[in-house]
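The values are calculated or read from the model by the stated rules, or taken from the named source; none is laboratory data. Just so we're clear, the structure is a prediction, and the values are computed from it rather than from any experiment. Here Cβ is always computed from backbone atoms with ideal geometry, including for glycine, and neighbour counts include all displayed protein chains. The area values use the complete protein model at the heavy-atom level, side chains included, leaving out ligands, DNA and RNA. Shrake-Rupley method; radii C 1.70, N 1.55, O 1.52, S 1.80 Å.
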Amino acid sequence: MGGEAVDVSGKACLCRVDFNVPIKDGVIVDDTRIRASLPTIRCLMEGGAKVVLISHLGRPKGKVVESLRMDPVAGRLSELLGVHVKKLDDCIGEEVEEAVRSMKPKDVLLLENVRFYPEEELNDREFAKKLAAPFDIFVNDAFGTAHRAHASTVGVAQFLPAYPGCLMKRELEALEKLLRSPEHPYVAVIGGAKVSDKLGVLENLLDKVDSLLIGGGMANTFLMAQGYDLGKSLCENDKKEDALRVMKKAQELDKQLLLPVDVVVAERPEPGVPVKVVRPDEIPEHMMVLDIGPETRREFSRVILQARTVFWNGPMGVFEVEQFSGGTLEIAAAIAQVEGFTVVGGGDSLAAVEMAGCADKISHLSTGGGASLEFLEGKELPGVKCLRGTR
Ligand code: ADP
Ligand code: MG
């Protein structure tokens with residue numbers, strides 16, 4: 001696996017991947033995550049391993065849910081790899097052991113949704129032992145679930161030599177760089193729905209960055225803390241103290257913290273509703289803030305364009321509705337122009353970058369939302385800690 005060579009030839013390899021793709025009526029809507037795992041799968045095949053893939057899909061909550069079986073994934077993966085990927089209807093037991101025994105080097109097999117067992121999320125030791133039983137080595141490529149200690153991400157490493165896959169390595173390298181050796185100026189742009197999801201990362205980022213730009217629904221809570229009336233906006237009243245603490249910390253560390261100076265408001269986040277641009281002290285009581293305004297976009301873009309390092313997580317507005325996507329798209333375009341190291345993380349933020357058509361101009365697109373944020377908070381991820389050569 002990337003980096004120091006591990007001899008996988010002839011070995012039965014259990015590879016944890018993130019195949020948690022959106023599926024509608026049995027059809028995969030977006031196969032980005034499957035494509036992202038191809039380098040690791042190909043690398044294992046070329047090394048002569050017997051490649052057995054395991055993933056979760058959706059939230060079956062420890063029961064078999066027919067619509068969350070991995071069959072559509074096996075189909076798509078077969079097309080992408082150009083080889084037939086056999087799929088089993090279980091992930092432990094006699095059938096699995098038998099199938100692994102009869103594999104030849106370079107064969108690829110996909111196991112059933114591991115979250116059909118409640119023991120997975122409980123990181124049950126006996127279950128992990130059963131998962132590990134047919135195998136010689138474990139490769140974890142599912143960075144997106146590395147912040148959770150589950151049986152298929154952490155438990156199996158008690159029973160098998162464990163290594164990071166290519167995707168996992170790339171994620172760690174990019175985020176490590178942000179955490180330990182960013183070039184300055186370093187600008188973080190944080191948005192999205194809620195402050196509560198991202199307080200830890202906001203506070204930790206302040207130690208590292210030169211400027212913190214806050215937009216999206218989370219900016220509302222900061223504006224409220226400053227005493228503005230936010231009308232019907234999404235706003236976390238119980239997070240006022242946290243917002244004040246973050247602003248105080250920025251001041252103490254002499255870091256630039258920018259909030260919106262103008263906002264786009266409407267009565268509802270729906271297509272076609274009348275919109276207005278107002279200052280934070282003019283938000284009508286029957287309206288909600290749904291995007292950053294034009295002056296804020298200009299100011300944020302100006303700061304972003306001077307950066308040598310940018311981390312972005314969280315859209316600047318309700319970008320799913322065209323009328324409120326302007327701020328997010330403009331910020332995406334500014335980040336794409338930066339001649340330095342740029343990282344975008346988070347499911348919705350990645351969708352926004354795609355929508356802006358500038359995904360290829362971002363240095364690193366981080367597939368792990370929660371995991372990237374916890375890593376940048378400075379937390380040790382259990383799914384990383386148990387792998388060899390990651391420390
Ligand atoms: P990511 O998936 O990139 O981590 P989040 O899930 O934290 O981002 O936030 C994305 C969501 O935040 C989007 O669904 C978007 O509509 C919502 N959002 C952004 N700005 C606002 C706002 N002003 N009011 C309500 N929701 C918002
Ligand atoms: Mg999201």
Top-ranked residue of region 332-349 - restricted to ones that are within 16 Å of ligand 2 (Cβ to nearest atom) and under 24 Å from Val265 (Cα atoms), ranked as farthest from the chain's Cα centre (by Cα):
Ala332
Does Phe159 count as within 20 Å of Gly345 (Cβ to Cβ), touching a residue at least 12 places away in the same chain (Cβ under 8 Å) and among the aromatic types (Phe, Trp, Tyr)?
no
Which of (1) at pLDDT 95 or above; (2) within 8 Å of ligand 1 (Cβ to nearest atom); (3) among the hydroxyl-bearing types (Ser, Thr, Tyr) does Thr342 not meet, given it meets every other one?
(2)
If Gly347 meets every condition in (1) away from ligand 1 (no atom under 11 Å from the Cβ); (2) open to solvent by 30 Å² or more (accessible area, probe 1.4 Å); (3) touching a helix residue (DSSP H, G or I) at 6+ places or on another chain (Cβ under 8 Å); (4) free of Cβ contacts under 8 Å to residues at least 24 places away in the same chain apart from one, which number is that one?
(1)
Residues being open to solvent by less than 30 Å² (accessible area, probe 1.4 Å) and not in a loop (DSSP other than H, G, I, E, B): count how many of those fall in region 46-62.
4
Ser363 being within 13 Å of ligand 1 (Cβ to nearest atom), among the polar types (S, T, N, Q) and either surrounded by 21 or more Cβ atoms within 10 Å (Cβ to Cβ) or over 21 Å from Ile214 (Cα atoms) (or both)
no
Might you check whether a residue that is modelled with pLDDT of 95 or more, under 22 Å from Gln226 (Cβ atoms), away from ligand 1 (no atom under 14 Å from the Cβ) and open to solvent by less than 40 Å² (accessible area, probe 1.4 Å) occurs anywhere in region 275-283?
no
Being within 16 Å of ligand 2 (Cβ to nearest atom) and aliphatic (A, V, I, L, M) narrows it down to one residue among Met218, Met168, Met247; which is it?
Met218
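Here is a yes/no grid of residues against (1) surrounded by fewer than 20 Cβ atoms within 10 Å (Cβ to Cβ); (2) of a type in the set (A, V, I, L, M):
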{"position": "Ser233", "(1), (2)": "no, no"}
{"position": "Leu258", "(1), (2)": "yes, yes"}
{"position": "Glu270", "(1), (2)": "yes, no"}
{"position": "Met288", "(1), (2)": "no, yes"}
{"position": "Phe300", "(1), (2)": "no, no"}
